[in-house]
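The values are calculated or read from the model by the stated rules, or taken from the named source; none is laboratory data. Just so you know, these numbers come straight off a predicted model, no measurement behind them. Don't worry about glycine lacking a Cβ; one is built from the backbone with ideal geometry, like all the others, and counts go over all protein chains shown. The area values use the complete protein model at the heavy-atom level, side chains included, leaving out ligands, DNA and RNA. Shrake-Rupley method; radii C 1.70, N 1.55, O 1.52, S 1.80 Å.
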Amino acid sequence: MREPGLAVDETEWVHPENHHLVGLGDDAYPELLAGIAGPPPQIYINGDPEILHLPALAIVGSRNPTTGGARNAFEFARHLGETGFCIVSGLAQGIDAAAHRGALAAGAPTVAFLGHGIDRIYPAANSELAREIAARGALVSEFPLGTAPGRALFPQRNRLISGLSLGTLVVEAARRSGSLITARLAAEQGREVFAIPGSIHNPLSRGCHQLIRQGAKLVEAADDIVSELAPLVGHLLGSMHETGLSGRTQTGPDEADTEYVKLLEGLGHDPVTTDELVERSGLTIDQVSSMLLILELEGKIEKLSGGRYSVLS
């Protein structure tokens, strides 16, 4: 039973338009998250709940990365965001924050799972980043309002980071690291695990090397991940169409086909940017990004430098 007054607090919290309380079994509850062992009975969302249905990749790693590690997290997230993936992480300092910022720099959605109540922000240094994520993506927590950050809560939330994602990329991690917990959970959930190798002299490379020895896929470029996840993306988007979830709108097959026609009409052999396609098609940035990913995987369009696209002859 809820403590007296907690339901009132929840009622007050969900009053703003971008605050949502979604229960297991609701249409808005993400399919991948519902399929993990012990899914949360309800999740608190500050942002757009439909973003949680997009093809997603988790990027995690050290809170104290090297300059190169932070740059890799940012660039992988930016490239994968431009390709159509939603970037998922945990709002921690270091690799997490770099990944969120990379997605935002690409104009792509990003999701941050919190190890505390959603009415708090931790660490405080990431408060501005959290506000930007809520405005352009989603902050998510399974913990009741008012729950303080706790050491035991962060490993618990890690199962949600991996659970929402088709795969998890570990950028830098020591051998005893929370990121390795996330990678282990991803493997147990049947998700793909990727790791970036590094110098044998860098202690933060040892966790990634350990994962690679255990079967994680070694990646050197973001396109390695795109090609590996292509079949899973197709399966996920197929399920989204079957259930009526496709990007930000609910569509049937005919309407979805119409949206692809609009997008293809905006494309040509002259390269165009995602922003130009949004303007030409009238679709949202999330719809355009997801559709471009599918068209690229089907070999119908080509992604060029600078985030531009053109039709393949």
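Between D270 and R63, the simple label model (points 7 Å from Cα in the Cβ direction) yields a spacing of 5.1 nm.
To put it simply, the accessible area of the chain at a 1.4 Å probe is 51 percent carbon and sulfur.
Remark: region 1-94 carries 45 Å² of accessible area per residue (probe radius 1.4 Å; ligands, DNA and RNA excluded).
Probing with 1.4 Å while keeping every protein chain in the model, the per residue accessible area of region 163-235 equals 46 Å². Normalised by the number of residues in region 1-157, the average gap of Cα pairs under 8 Å and 6 or more apart makes the relative contact order 21 percent. Rg and Dmax over the alpha-carbon atoms of region 76-222 stand at 14.7, 43 Å.
Roughly what % of DSSP beta bridges within the chain run antiparallel, to the nearest 5?
Antiparallel: roughly 45 percent of the beta bridges in the chain.
If you take the square roots of the eigenvalues of the alpha-carbon gyration tensor of the chain and sort them as a ≥ b ≥ c, do you get rounded (a/c under 1.5), prolate (a/b over b/c) or oblate? Taking the square roots of the gyration eigenvalues as a ≥ b ≥ c, the chain is oblate. Its DSSP H runs of at least 4 residues, each contributing -39,500 (n - 2.57), put the calculated 222 nm mean residue ellipticity of the chain at -13500 deg cm²/dmol, to the nearest 500. Report the local net charge at R308: Lys and Arg +1, Asp and Glu -1, summed over other residues whose C-beta lies under 15 Å from its C-beta. Here the charged neighbours net out to -4.
For Y44, the accessible area of its heavy atoms, probed at 1.4 Å with every protein chain present, is near 0 square angstrom. The alpha-carbon of K217 sits under 20 angstrom from the alpha-carbon of none of the lysines, leaving out residues fewer than 8 places away in its chain. In the chain, excluding the sites themselves, the longest stretch lacking any of the GluC sites (Glu not before Pro) that are in a DSSP loop with at most 13 other Cβ atoms within 10 Å is 18-219. Straight-line cross-link reach from K262 at under 18 Å between alpha-carbon atoms covers these aspartates and glutamates, not counting any fewer than eight positions away in the same chain: D254, D270, D275, E276, E279, D286, E296, E298, E302.
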